[in-house]
Amino acid sequence: MTDRRFSIAPMMEWTDRHCRFFHRLLTRRARLYTEMITTGAVLRGDRARLLGFDPAEHPVAVQLGGSDPRALADAARICADLGYDEINLNVGCPSDRVREGRFGACLMAEPALVGECVAAMKAAVRIPVTVKCRIGIDDQDSEESLDTFTRTVVAAGVDGLVVHARKAWLDGLSPKENRDIPPLDYDRVYRLKRAWPALPVTINGGIASVEQGAAHLAHLDGAMMGRAAYQEPWRLLAVDPLIYGSPAPFTTPKAALEAFFPYVARELAHGTRLHAMTRHILGLFHAVPGARAFRRHIATHAVKPGAGVAVLHDALAQVVDARAELAHIAA
Ligand SMILES: Cc1cc2nc3c(=O)[nH]c(=O)nc-3n(C[C@H](O)[C@H](O)[C@H](O)COP(=O)(O)O)c2cc1C
């Protein structure tokens, strides 16, 4: 059975393949998600650029944005053939652009259509098909509407739900505000799981530490961390020991970063700019003397034309303290 105990959320502009490779060095076990990719991009875009990933990223799920069952089925098939481990449908993004395309969070109001989308994808692929949603939108009653939504996607064969435990307010709030202002309601997600015990349910929203993620597992199948994982990636070194009872891949953030160097060198040789990779690592050192100098060195030098791995070596040399060792994490 698919292990969904800990995952890192899909985040546009953030969880690209370089970011995911880096996260994979910090946890061998967490499930990773791509940025949302629209069906139009999958079907007509530059697939190698949009969908390419490194085999080391497994288990990795692709998140699709769309609401046309046939296009979603075709896109799902392409992604499954490329080797993704799961197809996830975005029913949580509140941006106007997405809403105009009639997908994302506004689909919470169209459960029957989401059911058709899930059924079409399920018929097209053998890998799990999941949905990431909110507890409701606007003035929906989040008890009733989330139950109706769930009943419909379960009937369509969905293999799991990821629930961002707050509503999205489609009028008046920006996407960023919609990640903070509508209140979190974890109990609503726990009730959902109790009502659908056979359905794998993952909770998302406001999980600030791996310990907090672990606490949700008393009630649910999975915890998904978004911003905290990206902004403070050092936290991910705790995932394998705390969630899975297996050793962390590295005992220090420093060692994990050194393991990133060969990947960076290889990508540079293929024409990737250094900054495209290093922008994801800025939060790696926390409360360690030299962390600020590390960030500043990268911010200043990684953007320069021709910048190479030496920038990373020099940045790392700014991190002076061996306390970068996180003893409790290495247990
Ligand atoms: C920069 C950014 C981009 C995001 N892009 C997506 C996306 O493409 N698809 C999606 O389902 N959610 C997206 N989200 C929402 C996150 O997946 C997650 O639901 C949200 O940040 C709440 O979790 P957190 O409190 O752990 O960050 C994005 C969030 C951020 C901060």
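The values are calculated or read from the model by the stated rules, or taken from the named source; none is laboratory data. Keep in mind that what you see is a predicted model, and the values were worked out from it rather than measured. No Cβ is skipped: glycine too gets one built from the backbone with ideal geometry, and neighbour counts run over all protein chains shown. All accessible areas refer to the heavy atoms of the entire protein, side chains included, with ligands and DNA or RNA removed. Shrake-Rupley method; radii C 1.70, N 1.55, O 1.52, S 1.80 Å.
Name the long-range amide H neighbours of TYR33: under 5 Å, sequence gap of 5 or more, or other chain; modelled H, no Pro or chain starts.
Those qualifying (amide H under 5 Å, at least 5 residues apart or on another chain) are ILE8, ALA61.
In terms of Cα to Cα distance under 27 Å, which lysines are near enough to LYS304, apart from those fewer than 8 places away along the same chain?
In chain and number order, the partners are LYS254.
Please compute the modelled spin-label separation between VAL320 and THR272, points set 7 Å along Cα→Cβ, answer in nm with one decimal.
About 3.2 nm separates the two model spin labels.
State the volume of the convex hull built on the alpha-carbon positions of the range 1-53, expressed per residue in Å³ and rounded to an integer. Present the calculation step by step, with values, prior to reporting the outcome.
Numbers: hull volume 5.0 nm³, N = 53.
Here the figure is 94 Å³ per residue.
Could you state the accessible area per residue of the chain in Å², with a 1.4 Å probe and every protein chain left in place? All intermediate terms of the calculation are to be shown ahead of the outcome.
Working: 13840 Å² over 331 residues.
Normalised by residue count, the accessible surface of the chain is 42 Å².
Enumerate the whole-percent occupancy of each 5 Å bin, from 0 to the last occupied one, for all C-alpha pair distances of the range 31-116.
For the range 31-116, the binned pair fractions read 3, 15, 27, 24, 18, 10, 3, 0 percent.
Taking the range 1-99, which GluC sites (Glu not before Pro) meet the DSSP loop condition and have no more than 10 other C-beta atoms within 10 Å? Mind showing how you got there, number by number?
On the way: sites: GLU13, GLU35, GLU57, GLU86; in loops: GLU13.
Qualifying residues, ordered by number: GLU13.
Let me check against my output: what whole-number percent is the relative contact order of the chain, with C-alpha pairs under 8 Å and at least 6 apart?
Numbers: 630 pairs, mean separation 53.0, N = 331.
So the answer I get is 16 percent.
Starting from the amide H of LEU89, placed 1.01 Å from N in the peptide plane, find each other amide H under 5 Å away whose residue is 5 or more places distant or on another chain.
Close amide H contacts, sequence-distant or interchain: LEU64, THR130, VAL131, LYS132.
Tell me what the chain gives for mean residue ellipticity at 222 nm when only DSSP H runs of n ≥ 4 count, each as -39,500 (n - 2.57), the sum divided by the residue total, rounded to 500 deg cm²/dmol.
It lands at -11500 deg cm²/dmol.
Only sites in a loop by DSSP and with at most 16 other Cβ atoms within 10 Å count here; which trypsin sites (Lys or Arg not before Pro) in the range 173-218 make the cut?
Working: sites: LYS176, ARG179, ARG188, ARG191, LYS193, ARG194; in loops: LYS176.
Here the trypsin sites (Lys or Arg not before Pro) that fit, given the DSSP loop and packing criteria, are LYS176.
Any idea what the relative contact order of the range 177-331 is, in percent, if you count C-alpha pairs under 8 Å spaced at least 6 apart?
Details: 183 pairs, mean separation 31.4, N = 155.
Contact order relative to length: 20 percent.
Suppose we keep just the alpha-carbon trace of the range 81-153; what are its Rg and Dmax in angstrom?
Cα only, the range 81-153: 12.7, 40 Å (Rg, Dmax).
Quick one: grab the alpha carbon gyration tensor of the range 79-227, order the square roots of its eigenvalues as a ≥ b ≥ c, and give me rounded if a/c is under 1.5, else prolate or oblate depending on whether a/b is larger than b/c. Numbers along the way, then the final one.
Numbers: a/c = 1.38, a/b = 1.10, b/c = 1.26.
Here the range 79-227 falls in the rounded category.
In whole percent, what relative contact order does the range 215-287 give with Cα contacts below 8 Å and a gap of six or more residues?
35 percent
Please enumerate, by chain and number, the lysines with C-alpha under 24 Å from the C-alpha of LYS193, excluding those fewer than 8 residues away in the same chain.
Excluding near neighbours in sequence, the set is LYS122, LYS132, LYS167.
How large a share of the accessible area of the chain, in percent, is made up of carbon and sulfur atoms when the probe is 1.4 Å and the other protein chains stay in place? Walk me through the intermediate numbers first.
Numbers: 7340 of 13840 Å².
Carbon plus sulfur share of accessible area: 53 percent.
In terms of solvent-accessible area of protein heavy atoms at a 1.4 angstrom probe, what is the ranking of THR150, THR38, highest value first? Present the calculation step by step, with values, prior to reporting the outcome.
Working: THR150 0, THR38 40 Å².
So the residues, ranked largest to smallest area, are THR38, THR150.
Calculate log10 I(q)/I(0) of the chain for q = 0.08, 0.13 Å⁻¹, where I(q) comes from the Debye formula with a single equal point scatterer on each Cα and nothing for solvent.
Debye intensities relative to I(0), on a log10 scale: -0.37, -0.97.
Farthest toward the dipole's positive end in the range 52-193, which of ALA168, VAL62, PRO128, given Cβ charges of +1 (Lys, Arg) and -1 (Asp, Glu) about the Cα centre?
Comparing the listed Cα positions along the dipole, PRO128 ranks first.
Along the charge dipole of the range 30-136, pointing to its positive end and built from +1/-1 on Cβ of Lys, Arg, Asp and Glu, which listed residue (ILE87, GLY115, ALA30) has its Cα farthest out?
The Cα lying farthest towards the positive end belongs to GLY115.
Quick one: putting +1 on the C-beta of Lys and Arg, -1 on the C-beta of Asp and Glu, what dipole do you get for the chain around its Cα centre, in Debye to the nearest 20?
Taking the Cα centre of the chain as origin, the dipole is about 720 debye.
What does the convex hull of the Cα atoms of the range 188-292 come to per residue, in Å³, rounded to a whole number? Please list the in-between numbers first.
Values: hull volume 14.4 nm³, N = 105.
Residue-normalised Cα hull volume stands at 137 Å³.
Report VAL163's accessible area, 1.4 Å probe, all protein chains in place, as a number in Å² to the nearest 10.
That residue has around 0 Å² of solvent-accessible surface.
List the trypsin sites (Lys or Arg not before Pro) within the range 33-134 that DSSP assigns to loop and that have no more than 16 neighbouring Cβ atoms inside 10 Å. Walk me through the numbers on the way to the answer.
Working: sites: ARG44, ARG47, ARG49, ARG70, ARG77, ARG97, ARG99, ARG102, LYS122, ARG126, LYS132, ARG134; in loops: ARG102, ARG126.
Those that pass, being in a loop and sparsely packed, are ARG102, ARG126.
Lys/Arg Cβ at +1, Asp/Glu Cβ at -1, dipole of the chain taken about the Cα centre: which of VAL309, THR148, ALA228 is farthest positive-ward?
VAL309
Pick from ASP96, ASP240, ASP81: which residue has the top mean-square fluctuation in a GNM of the chain where Cα pairs under 10 Å get a spring?
ASP81
Per residue and in cubic angstrom, what volume does the convex hull of the Cα atoms of the range 224-276 have? List each step's numbers first, then the result.
On the way: hull volume 5.5 nm³, N = 53.
Spread over its residues, the Cα hull of the range 224-276 gives 105 Å³ apiece.
Taking the Cα centre as origin and putting +1 on Lys and Arg beta-carbons and -1 on Asp and Glu beta-carbons, what dipole magnitude results for the range 1-106, to the nearest 20 debye?
Rounded to the nearest 20 debye, it is 200 debye.
Given 0.36 nm per residue, what is the gain on full extension from SER174 to ALA299 after removing their alpha carbon distance, in nm? Don't skip to the end; give the middle numbers.
Values: separation 125, 0.36 × 125 = 45.00 nm, distance 2.77 nm.
Residue separation times 0.36 nm, minus the Cα-Cα distance, leaves 42.2 nm.
Tabulate in residue order the Karplus-calculated ³J(HN,Hα) for the range 221-226, using 6.51 cos²θ - 1.76 cosθ + 1.60 with θ = phi - 60°, rounded to whole Hz; enter x for Gly and Pro.
7, x, 10, 10, 10, x
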